[in-house]
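*Asks:* First the structure, then my questions, so here it is.
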Amino acid sequence: MIIPKPQKIEVKSGTFTLNENTIISVSNETKKVGEYLAEELRPSTKLPLPVENIASDKNRISLLLVDNDNLGDEGYELISTTDEIKITAKTNAGLFYGCQSLKQLLPPENLYSHGTETQHNVAQSPMSAINIKWTVPCVNIYDKPRFKWRGIMLDSCRHFWNIDFIKKNIDIIALHKMNIFHWHLTEDQGWRIEIKKYPELTEIGAWRNENGEKYGGFYTQEQINDVVKYAADRFITVIPEIEMPGHSVAAIAAYPELSCSGEKVDVPTTWGIHENVYCAGNENTFNFLENVLTEVFQLFPGDYIHIGGDECPKKRWEKCQKCQQRIKNENLKNEDELQSYFIKRMEKFINKNGKRLVGWDEILEGGLAPNATVMSWRGIEGGIAASKQDHNVIMCPVTHCYFDFSQTENEKIDIGGGTTTTTEKVYEFEPIPDELSDEEAKHVLGAQGNLWTEHIATVERAEEMLYPRSCALAEKLWSSKNCSDFGNFEKRLELHLKRLDVLKINYFTTIP
Ligand code: ACM
Ligand code: ZN
C-alpha cells in the first residue's frame with residue numbers, strides 16, 4: 001500500500017481511528033515534526049490534533065526519538081494498534097519519513113490542502129471529506145532507505161517555474177521520501193538566481209526575446225531563502241547548479257567580457273549546445289565565478305554545489321590567445337586539460353569555503369578534480385570510472401532517469417533520439433552497476449531523476465513527465481534491492497494515483 005515500499009511491513013487485524021480527542025504526543029526535540037504532521041492533517045480531517053508534550057498513553061500519535069542504531073540516520077519504526085500509533089526513529093528525519101508512511105496508511109483524502117492552502121493552487125477539503133473515517137490499519141513497519149541520495153532535478157532555465165510549483169514539487173518529493181532537490185539555475189537561455197554583486201545577470205540574463213515577447217524570470221534571494229527553508233522543514237536539501245564553463249551564454253549576454261571574444265550577444269532562444277563559453281584564460285572569469293559562488297554559499301546551507309561542467313565545446317578556447325596562454329603557463333596538454341584546470345580551480349575555492357563540488361560526468365575528461373562527486377548522465381560508464389577512482393557518484397543515466405524523454409511510443413519528442421522511457425523502464429533501473437566491487441559500490445550515493453524543460457512549458461506537462469516515473473524511481477532508491485517486481489509496484493501504484501489525484505497532480509496515464 002505504501003510507495004516506496006517499506007523494508008518490512010506486517011499488517012495486523014484492526015484499525016486505529018483518529019477522532020476529536022486524538023493528540024500528537026511529542027518531546028521538545030520532536031515537536032517540530034509533530035507540528036508538521038498536525039498542519040498536514042488538520043485541513044482535511046478538520047480534527048484539532050493538538051501537539052502536546054504530555055502523553056496520555058491512549059488515542060495518541062507519538063513521535064519519539066530512540067537510540068537505535070539499526071534505524072540509521074533516516075529509518076523509522078511505525079507501530080499502530082487499536083489504541084495508539086507510535087513512530088520511533090533515531091533522528092527527526094526518520095520520524096518525518098514515518099509521518100509520510102502514516103499519511104499513506106490513512107485514506108488518500110488526508111492529502112487535501114497539502115502545503116500552504118493560500119499559496120498553492122490545490123483543492124480545499126470537500127465537504128464530503130468530513131464524513132470520511134480517518135482510520136489507519138494496525139501494522140508493524142520497520143523501514144530505512146537503501147540510498148542516501150534520492151533526488152529530483154528541475155531545470156528552471158529553459159522554462160521558468162514559479163515558487164508555488166517549486167514548493168508543490170518539494171512536497172511531492174517529500175511524500176516519496178526523497179531528500180534532494182537539484183535546482184538547475186543558470187543556462188544559456190536564462191540566468192535565474194539573483195546575485196547582488198552582478199545585477200545585470202538577472203536584469204539582462206534572465207530574459208529572452210521569444211518572437212517579440214519578453215520571456216523569463218528569476219528568483220530573488222529572499223525567495224530562494226524561503227524555498228531552502230521550506231525544503232529543510234521537509235528534510236530535503238536544495239543543491240544549486242551554477243553552470244560552468246559551458247551553458248553560460250545568459251551570463252555572457254549580461255557581461256560579454258566573460259567570453260573569449262568579448263562580443264555582445266543576446267540571451268539565446270534556441271536549444272542545444274552553444275559554442276560561446278566562459279573564457280578560461282581570463283582572470284576576470286574566475287573572479288566573477290568566485291563572487292557569484294560566495295553569494296550562492298550563503299543561500300544554500302547544504303554541503304554540495306553543482307558546477308555543471310557538461311557539454312562545453314572547446315572551439316573558442318582553441319582560438320583564444322588568453323586560453324592558449326593559460327595552457328602554456330599551466331603546462332596543460334590540450335583544451336580538455338584546460339577544462340579540468342577550470343574545474344579543479346573552482347573546486348579549490350569551493351572546498352576552501354567548506355563545500356563539496358558535484359559535476360556532470362564530463363568533468364572526468366582531462367582529469368577529475370581531487371574531491372569531486374560525479375553525476376553520471378551520458379550512461380553509467382562515467383559513474384563506473386569515477387567509483388573506480390574512489391570518487392563518489394550519483395547515477396542519472398539518460399537511459400532510465402531522464403524524465404524529459406517520451407514515455408509513450410505514440411509521442412516522439414525531439415530529445416533523447418526519440419527513445420521511450422516508460423515507468424516500467426524506470427522501475428528496472430539498478431543504480432549499482434555489476435562492474436563495481438562491493439567497496440567501489442559504496443561510492444554510489446544514489447540516483448536522481450532529471451527534468452530538463454526545453455520541451456516542457458507548462459505545469460501540467462511537467463507533472464505528466466515527472467509522475468508516476470518519479471514514484472518508480474523513489475522506490476528504487478528507498479526500498480531494498482529486490483523488494484518487488486513491477487507488477488507488485490503497479491498494484492500499489494493504483495492506490496497511489498488516487499493520492500496524486502487528491503494532490504491535483506496531472507500524472508501521465510495511458511487511460512484516457
Ligand atoms: C546534461 O543532460 N547535459 C547533463
Ligand atoms: Zn578564452
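The values are calculated or read from the model by the stated rules, or taken from the named source; none is laboratory data. Quick caveat, the model's predicted, so the values are computed rather than measured. Because the Cβ atoms are built from the backbone with ideal geometry, glycine has one as well, and the counts that use them run over all protein chains shown. Each accessible area value is taken on the protein alone, full model and side chains, heavy atoms only, with ligands, DNA and RNA left out. Shrake-Rupley method; radii C 1.70, N 1.55, O 1.52, S 1.80 Å.
*Asks:* Return the total of residues in the range 341-378 being free of Cβ contacts under 8 Å to residues at least 60 places away in the same chain, open to solvent by 10 Å² or more (accessible area, probe 1.4 Å) and part of a loop (DSSP other than H, G, I, E, B).
*Replies:* 9
*Asks:* Looking at GLU435, GLU475, GLU424, can you tell me which residue is of a type outside the set (Phe, Trp, Tyr), open to solvent by 50 Å² or more (accessible area, probe 1.4 Å) and not in a loop (DSSP other than H, G, I, E, B)?
*Replies:* Of GLU435, GLU475, GLU424, the one residue that is of a type outside the set (Phe, Trp, Tyr), open to solvent by 50 Å² or more (accessible area, probe 1.4 Å) and not in a loop (DSSP other than H, G, I, E, B) is GLU424.
*Asks:* Between LYS314, LYS319, which is within 14 Å of ligand 2 (Cβ to nearest atom), out of contact with any helix residue (DSSP H, G or I) (no Cβ under 9 Å at 6 or more places or on another chain) and either open to solvent by 10 Å² or more (accessible area, probe 1.4 Å) or not acidic (Asp, Glu) (or both)?
*Replies:* Only one candidate qualifies: LYS319.
*Asks:* Does the range 392-418 hold any residues that are at pLDDT 95 or above and open to solvent by 20 Å² or more (accessible area, probe 1.4 Å), and which are they?
*Replies:* Those that are at pLDDT 95 or above and open to solvent by 20 Å² or more (accessible area, probe 1.4 Å): ASN392, VAL398, THR399, HIS400.
*Asks:* Regarding the range 448-468, can at least one residue be identified that is more than 26 Å from HIS247 (Cα to Cα), in contact (Cβ under 8 Å) with a residue 12 or more places away in the chain and open to solvent by less than 40 Å² (accessible area, probe 1.4 Å)?
*Replies:* There is at least one residue in the range 448-468 that is more than 26 Å from HIS247 (Cα to Cα), in contact (Cβ under 8 Å) with a residue 12 or more places away in the chain and open to solvent by less than 40 Å² (accessible area, probe 1.4 Å).
*Asks:* Give me a count of the residues in the range 235-279 that are within 11 Å of ligand 2 (Cβ to nearest atom), more than 15 Å from ASP310 (Cα to Cα), open to solvent by less than 60 Å² (accessible area, probe 1.4 Å) and in a loop (DSSP other than H, G, I, E, B).
*Replies:* 3
*Asks:* In the range 174-207, which residues are aliphatic (A, V, I, L, M) and out of contact with any Gly (no Cβ under 8 Å at 6 or more places or on another chain)?
*Replies:* ALA174, LEU175, LEU185, ILE193, ILE195, LEU201, ILE204
*Asks:* Which of the numbered conditions does ARG146 fail, given that it passes all the others? Conditions: (1) at pLDDT below 80; (2) under 21 Å from the mean Cα position of the chain (by Cα).
*Replies:* Of everything listed in (1) at pLDDT below 80; (2) under 21 Å from the mean Cα position of the chain (by Cα), ARG146 misses just condition (1).
*Asks:* Please work out which one of (1) within 16 Å of ligand 1 (Cβ to nearest atom); (2) open to solvent by 60 Å² or more (accessible area, probe 1.4 Å) is the condition ASP303 fails and give its number.
*Replies:* In the conditions (1) within 16 Å of ligand 1 (Cβ to nearest atom); (2) open to solvent by 60 Å² or more (accessible area, probe 1.4 Å), ASP303 misses (1) alone.
*Asks:* Let me ask something else. Is the range 8-30 home to any residue that is part of a strand (DSSP E or B), hydroxyl-bearing (Ser, Thr, Tyr) and touching a Leu at 6+ places or on another chain (Cβ under 8 Å)?
*Replies:* yes
*Asks:* Mind listing just one residue for me: the one in the range 379-390 that is of a type in the set (A, V, I, L, M) and either open to solvent by 30 Å² or more (accessible area, probe 1.4 Å) or under 19 Å from the mean Cα position of the chain (by Cα) (or both) and, of those, farthest from ligand 2 (Cβ to nearest atom)?
*Replies:* Here the residue is ILE380.
*Asks:* Residue pairs, Cβ under 7 Å, 6 or more apart or interchain, first in the range 478-495 and over 20 Å from GLY151 (Cα atoms), second acidic (Asp, Glu) and open to solvent by 50 Å² or more (accessible area, probe 1.4 Å). List them.
*Replies:* From residues that are over 20 Å from GLY151 (Cα atoms), the pairs are PHE486/GLU424.
*Asks:* Quick one: what pairs do we get from the range 36-53, first residue within 17 Å of ASP233 (Cβ to Cβ), second assigned to a helix (DSSP H, G or I) and acidic (Asp, Glu), C-beta under 7 Å, 6+ apart or different chains?
*Replies:* From the range 36-53, the pairs are VAL51/GLU35.
*Asks:* Looking at (1) under 19 Å from VAL277 (Cα atoms); (2) within 16 Å of ligand 1 (Cβ to nearest atom); (3) not in a loop (DSSP other than H, G, I, E, B), which one does CYS323 not meet, given that it meets all the others?
*Replies:* Here CYS323 clears every test but (2).
*Asks:* For the structure I just gave you, tell me whether ASP57 is surrounded by fewer than 20 Cβ atoms within 10 Å (Cβ to Cβ) and in contact with a helix residue (DSSP H, G or I) (Cβ under 7 Å, 6 or more places away or on another chain).
*Replies:* Judged against the criteria, ASP57 is not a match.
*Asks:* Okay, next question. Determine, yes or no, whether TRP478 is touching a strand residue (DSSP E or B) at 6+ places or on another chain (Cβ under 7 Å) and more than 16 Å from ligand 1 (Cβ to nearest atom).
*Replies:* Criteria met by TRP478.
*Asks:* Going by the conditions given, is SER56 of a type in the set (Ser, Thr, Tyr) and modelled with pLDDT under 95?
*Replies:* When the stated conditions are applied, SER56 passes them.
*Asks:* Quick check on LYS197: is it assigned to a loop (DSSP other than H, G, I, E, B) and either surrounded by fewer than 23 Cβ atoms within 10 Å (Cβ to Cβ) or acidic (Asp, Glu) (or both)?
*Replies:* Against the criterion (assigned to a loop (DSSP other than H, G, I, E, B) and either surrounded by fewer than 23 Cβ atoms within 10 Å (Cβ to Cβ) or acidic (Asp, Glu) (or both)), LYS197 qualifies.
Listed here are the residues, each with its yes/no results for (1) within 16 Å of ligand 1 (Cβ to nearest atom); (2) in contact with a Cys (Cβ under 7 Å, 6 or more places away or on another chain); (3) among the basic types (Lys, Arg).
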position: HIS182; (1), (2), (3): yes, no, no
position: THR186; (1), (2), (3): yes, yes, no
position: LYS197; (1), (2), (3): no, no, yes
position: LYS214; (1), (2), (3): no, no, yes
position: THR237; (1), (2), (3): no, no, no
position: ALA251; (1), (2), (3): no, no, no
position: ALA280; (1), (2), (3): no, yes, no
position: ASN284; (1), (2), (3): no, no, no
position: VAL292; (1), (2), (3): no, no, no
